[in-house]
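Below is one structure; the comments refer to it alone.
The values are calculated or read from the model by the stated rules, or taken from the named source; none is laboratory data. What you are looking at is a predicted structure, and each value in this text was computed from that prediction instead of being measured. Here the Cβ positions follow ideal geometry from the backbone for every residue, glycine too, while neighbour counts run over all protein chains shown.
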Amino acid sequence: MEFSYHAIGILHSCFKEKFGIPRQAGLVPDARGTLELYPPFNRREYLEGLEGFSHLWLQYVFHAASMGRDKSTVRPPRLGGNRRLGVFGTRSNFRPNPIGLSLVRLEGIAHENGGVRLNLAGIDILDQTPVLDIKPYVPYADCRPEAVGGFAPHPPKAVLQVRFAPRVRATLQGMPPLVRRQWARLLVQVLRLDPRPAYYGTQGKKKKFGFQLLDRNVRWRMAGATATVTRLEDPRSSAP
């Protein structure tokens, strides 16, 4: 049996590439994005009552995942990438149907210029992701304190110390205070969870890494269990 779906909107995310995205929603509270709804779903009647909920479930398409042959087993990062489990026993984005599910915080609904944007936080979703559906999070039904978490019974711990090189501190200092605080928190929250592939470990041979976050190129260097942000630059002015 086959089905076809249409996106109700597109997510504009602070995460511009897959590397650096937290492995679950909510792990980086300051990771923000906006969901731009397409017509006709941007009419007010579609959203009536949604403002009363603090969190939402988003269903979306893993549009940038490699969709080759079906994979029956995958290597969960939580297990260090050294053990294979069935795809249905994990939250891998390599799935028979490339559909994702994330619980995000709703910070506001903006009606402007005839359109609607949902302001979201705690996201773990790539920029330009097509969104299929929105459902409110209902605590009495969706929260199950007695639930068993399988191979991931506890939230991941922050494993890295995060420092800023002098040139990065100077860049941050040149920002307006609110923007500076937002950038500093976001960088620390993303890097302290160690976004590198699980098989690297703190003693991996590769020491320099980078990704685009919001409108900046972030470059960082590993030394033991410390990640030092060495560059925070506008991509248009970054050296090759």
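Please work out if R185 is modelled with pLDDT of 90 or more and either more than 22 Å from the chain's Cα centre (by Cα) or assigned to a helix (DSSP H, G or I) (or both).
Details: modelled with pLDDT of 90 or more: yes; either more than 22 Å from the chain's Cα centre (by Cα) or assigned to a helix (DSSP H, G or I) (or both): yes.
Taking the combined requirement at face value, the residue satisfies it.
Exactly one residue out of F19, F53, F15 is surrounded by 17 or more Cβ atoms within 10 Å (Cβ to Cβ), at pLDDT 90 or above and of a type in the set (F, W, Y): that is F15. All of Q189, Q128 fail the test of being of a type outside the set (F, W, Y), outside the structural domain of G33 (by TED's automatic domain parsing) and either under 30 Å from T228 (Cβ atoms) or out of contact with any Pro (no Cβ under 9 Å at 6 or more places or on another chain) (or both), apart from Q189.
Can you find, within the stretch 107-133, the residue that is modelled with the lowest pLDDT among those that are of a type in the set (A, V, I, L, M, F, W, C) and surrounded by 21 or more Cβ atoms within 10 Å (Cβ to Cβ)? Here the residue is V116.
Filtering the stretch 151-170 to residues that are more than 20 Å from P29 (Cβ to Cβ) and at pLDDT 95 or above leaves R163, A165, P166, R167, V168, R169, A170.
For V28, the conditions (1) over 15 Å from the mean Cα position of the chain (by Cα); (2) in a loop (DSSP other than H, G, I, E, B); (3) closer than 17 Å to L193 by Cα all hold with the exception of (1). In this structure, is A31 in contact with a Pro (Cβ under 7 Å, 6 or more places away or on another chain), of a type in the set (G, A, S), closer than 29 Å to V188 by Cβ and touching a residue at least 60 places away in the same chain (Cβ under 8 Å)? Yes. Tallying residues that are closer than 8 Å to L126 by Cα and part of a loop (DSSP other than H, G, I, E, B) within the stretch 1-13 yields 0. L58 falls short on exactly one of the conditions (1) surrounded by 15 or more Cβ atoms within 10 Å (Cβ to Cβ); (2) free of Cβ contacts under 8 Å to residues at least 24 places away in the same chain, and that condition is (2). Is it the case that V168 is out of contact with any Pro (no Cβ under 6 Å at 6 or more places or on another chain), in the same structural domain as R221 (by TED's automatic domain parsing) and buried (at least 17 other Cβ atoms within 10 Å of the Cβ)? The answer is yes for V168. In this structure, R78 qualifies as in contact (Cβ under 8 Å) with a residue 40 or more places away in the chain and among the basic types (K, R).
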